[in-house]
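The values are calculated or read from the model by the stated rules, or taken from the named source; none is laboratory data. The structure presented is a predicted model; accordingly, all values stated were derived computationally and were not measured. Here the Cβ is made from the backbone with ideal geometry for all residues, glycine too, and neighbour counts use every protein chain on show.
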Amino acid sequence: MIKILWLSRHEMSQTQLADLKRIYGEVEVKKVDMTVSHATQITEAGNDCDIFAIVLPINIQEQLLRLTNKPIISCKNNRVPTGNKTSTCEIEYKFEFDHWFQIHEVKIVTEKL
């Protein structure tokens, strides 16, 4: 059985879990909800895990790639209008899971302005 660290403030949806099972077979998900300032916190929290499923800023993703050889995955969600309006009369949206993807590299190229 594959053990996956799920680092997010949100619970994993049944659709997300079903897709992980499609990809990896039987899985055990270890949910962690914490504020991360450095990727070492993730490797420590998930030292018993095989895969890191994360929702993190890009700089932490890059740190994590340098610290571990374990697969790092994240999910793509689509922003879908609900047809309702918020209390401020703005269009309300919900996020729907689309797919998982593996992060292999983070590269940011900047230029001073």
Can you name every residue in region 55-75 that is charged (D, E, K, R) and loosely packed, with under 11 Cβ neighbours inside 10 Å?
66
Looking only at residues that are charged (D, E, K, R) and either at positive phi or surrounded by 12 or more Cβ atoms within 10 Å (Cβ to Cβ) (or both) in region 22-54, which one is nearest to the chain's Cα centre (by Cα)?
31
With respect to residue 37, is the statement that it is modelled with pLDDT of 95 or more, among the hydroxyl-bearing types (Ser, Thr, Tyr) and not in a helix (DSSP H, G or I) true?
no
Output the qualifying pairs, or none if there are none: Cβ atoms under 9 angstrom, residues six or more apart or on different chains, first residue in region 10-21 and at positive phi and surrounded by 12 or more Cβ atoms within 10 Å (Cβ to Cβ), second residue outside any helix (DSSP H, G or I) and among the basic types (Lys, Arg).
none
For region 1-31, enumerate the residues that are of a type in the set (D, E, K, R) and either modelled with pLDDT under 95 or not in a loop (DSSP other than H, G, I, E, B) (or both).
3, 9, 11, 19, 21, 22, 28, 30, 31
Please count how many residues of region 69-113 are in contact (Cβ under 8 Å) with a residue 40 or more places away in the chain, touching a strand residue (DSSP E or B) at 6+ places or on another chain (Cβ under 7 Å) and not in a strand (DSSP E or B).
1
